[in-house]
Amino acid sequence: MRQKLLAEIPKMDVLLGKEEAAGAAARWGRGSVADALRSVTGKIRREILAGERDEIPAADDILREALRSLEGGCTPALRPVINGTGVILHTNLGRAPLSLRALEAVRDAASHYTDLEYDLTRGGRNSRQAHISKLLRLLCGAEDAIAVNNNAAAIFLSLSALARGKEVLISRGELAEIGGSFRIPEICGESGAVLREVGSTNCTRISDYRRALGENTGAVLKVHAGNYRVEGYTEAAGAAELAALSREAGIPFLYDLGSGVFAGLERYGVDEPRIPEVLREGADLVTFSADKLLGGAQAGIIAGKAELVGKMKHHPLYRVLRVDKMTLAAVEATLEEYRDPSGAVQNIPTLAMIAEPEEVLREKAERLLGMLREADPSGRLLLSAEPCSDRTGGGTAPLTDLPGYAVTVRVAVPSGNIKDETELEAALRNARYPLVSFLRQERLWISVRTLLDGDSERIAEDFRALL
Ligand SMILES: *Cc1c(COP(=O)(O)O)cnc(C)c1O
């Protein structure tokens, strides 16, 4: 029986002889088409041998499946997505979109030779960090600063360069998991530093740190609670007292700010530590991401005492973790925006989204609502504009709700491909312009805060195509 079924699988020359196969071979090459066909027939063969299959699909169906996989393999995996979640720094969606100025800087750096490591005044070698160090010195009052691949790398390099083989004091309330496999205790272990926990989950006082100080203490590390909060009866040692204690003990005080901001987001309810202030309070080094509330490209900044930053620059890991010219261009251009704080809020998309007034969001939602109604002339959907609650995301201000607006959708007349909101959500995710929205209260929600220029038109076009 199995032998008979196996013999019925269409032969390769029959499959390749089909007209559609010839068309596909002209596009992708005969070898790729044959490989795709073999992968489909191979799967059928395995299913027969495992007793999971008792009939053979038609040759045309086999061909169609092979061509589908070929086409799927050619869709770029990294493509623009519309963020309808209302989460501004959505890590799965690539965090911060860049400002125009940063985009132009990236394009210029990528398409030309640059003075990346060249001093045009003197004519000779220079540090690739010179550009952004200068800006960071100005913006946060640090003696020196460098950028590495991301903030995880910044912490890793700091601990490796300053505390290998020595104890690092960290509060038990700050032994956080930042995401994926990145946990403070583990990164500490990997760097060669020895984690010395102090205090308790909810309360760690300066006296706890003082008691843990010893011969082999290499550093004090404070980690900002980026993606969680300890609430209720809590106490934590502040930056100023940790700085004083570290100075007394002659060891560096590192403060991982996670996101960190330069200034001025508290009026929107976003209360994250301010970088210049933490340095003024005496932190020897701060580390923060460049693609969180800063609104730039993926990078981690280490800023602070020149002597300590110097140790990083000369550490072998620095070369492993160094950033490329496109990232440097994007981060530098983003930092340039901050020299004019009101310009920064207008021009850096992350800040502009945070600062968007509720009234403007309501108008934006009503405009999208009108466009979607037009795309649904027969009224298959129940559409409305409603208040919603947005977030900064990306491990920042975890408790802050930003009052926003969304278009909500209900499927009123179920039909073929779209029977309910769950199917609509999936269809929009797989549409020409993939839209990431969310389901709540049996409705599909598209928050307008995170829609960029032209997104409303794209969403309307996909609705029209689906309906
Ligand atoms: C986000 C975050 C990190 C990791 O930053 P990446 O740039 O994502 O590597 C580290 N520490 C804190 C407190 C964070 O919030």
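Tabulated data for the structure shown
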item: Hits in the range 220-236 - residues which are surrounded by fewer than 23 Cβ atoms within 10 Å (Cβ to Cβ) and farther than 26 Å from residue 350 by Cα; result: 230, 231, 232, 233, 234, 235, 236
item: Test: residue in the range 260-275 that is surrounded by fewer than 22 Cβ atoms within 10 Å (Cβ to Cβ), away from the ligand (no atom under 16 Å from the Cβ) and under 21 Å from the mean Cα position of the chain (by Cα); result: yes
item: Residues located in the range 409-432, provided they are crowded, with 18+ Cβ neighbours inside 10 Å and at pLDDT 95 or above; result: 409, 411, 421, 424, 425, 428
item: Conditions (1) at pLDDT 95 or above; (2) not assigned by TED's automatic domain parsing to the domain that holds residue 394; number of the one not met by residue 117; result: (1)
item: Count - residues of the range 321-331 that are in contact with a strand residue (DSSP E or B) (Cβ under 9 Å, 6 or more places away or on another chain) and part of a helix (DSSP H, G or I); result: 4
item: Residue pairs meeting the criteria (Cβ under 9 Å; at least 6 apart or on separate chains; first at positive phi, in the range 148-164; second among the hydrophobic types (A, V, I, L, M, F, W, C) and near the ligand (Cβ under 9 Å from one of its atoms)); result: none
item: Checklist (1) outside any strand (DSSP E or B); (2) surrounded by 15 or more Cβ atoms within 10 Å (Cβ to Cβ); (3) aliphatic (A, V, I, L, M) applied to residue 406, failing item; result: (1)
item: Test set (1) closer than 28 Å to residue 92 by Cα; (2) of a type in the set (Ser, Thr, Tyr); (3) over 17 Å from the mean Cα position of the chain (by Cα) - residue 378 fails condition number; result: (1)
item: The range 182-230, subset of a type in the set (Asp, Glu) and more than 32 Å from the chain's Cα centre (by Cα), residue farthest from residue 279 (Cα to Cα); result: 215
item: Flag for residue 195 being in contact (Cβ under 8 Å) with a residue 24 or more places away in the chain, away from the ligand (no atom under 15 Å from the Cβ) and among the hydrophobic types (A, V, I, L, M, F, W, C); result: yes
item: Extreme residue, modelled with the lowest pLDDT, among residues of the range 361-406 that are of a type in the set (S, T, N, Q) and touching a Lys or Arg at 6+ places or on another chain (Cβ under 9 Å); result: 396
item: Residue satisfying condition, being surrounded by 19 or more Cβ atoms within 10 Å (Cβ to Cβ), assigned by TED's automatic domain parsing to the domain that holds residue 399 and in contact with a Pro (Cβ under 9 Å, 6 or more places away or on another chain), within set 308, 361, 257; result: 361
item: Members of the range 258-302 that are in a loop (DSSP other than H, G, I, E, B) and at pLDDT below 95; result: 259, 260, 262, 263, 264, 265, 269, 270, 271, 272, 273
item: Any chance residue 13 is over 20 Å from residue 72 (Cα atoms), assigned to a loop (DSSP other than H, G, I, E, B) and without any contact (Cβ under 8 Å) to a residue 60 or more places away in the chain; result: no
item: Pairs with Cβ under 7 Å, 6+ apart, first in the range 424-435 and more than 18 Å from residue 453 (Cα to Cα), second part of a helix (DSSP H, G or I) and of a type in the set (Asp, Glu); result: 428/462; 431/462
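Quick grid of which residues meet (1) part of a helix (DSSP H, G or I); (2) within 15 Å of the ligand (Cβ to nearest atom):
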| site | (1), (2) |
| --- | --- |
| 147 | no, yes |
| 156 | yes, yes |
| 165 | no, no |
| 188 | yes, yes |
| 210 | yes, no |
| 222 | no, yes |
| 231 | no, no |
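The values are calculated or read from the model by the stated rules, or taken from the named source; none is laboratory data. Quick caveat: nothing in here was measured; it's all calculated off a predicted structure. Don't worry about glycine lacking a Cβ; one is built from the backbone with ideal geometry, like all the others, and counts go over all protein chains shown.
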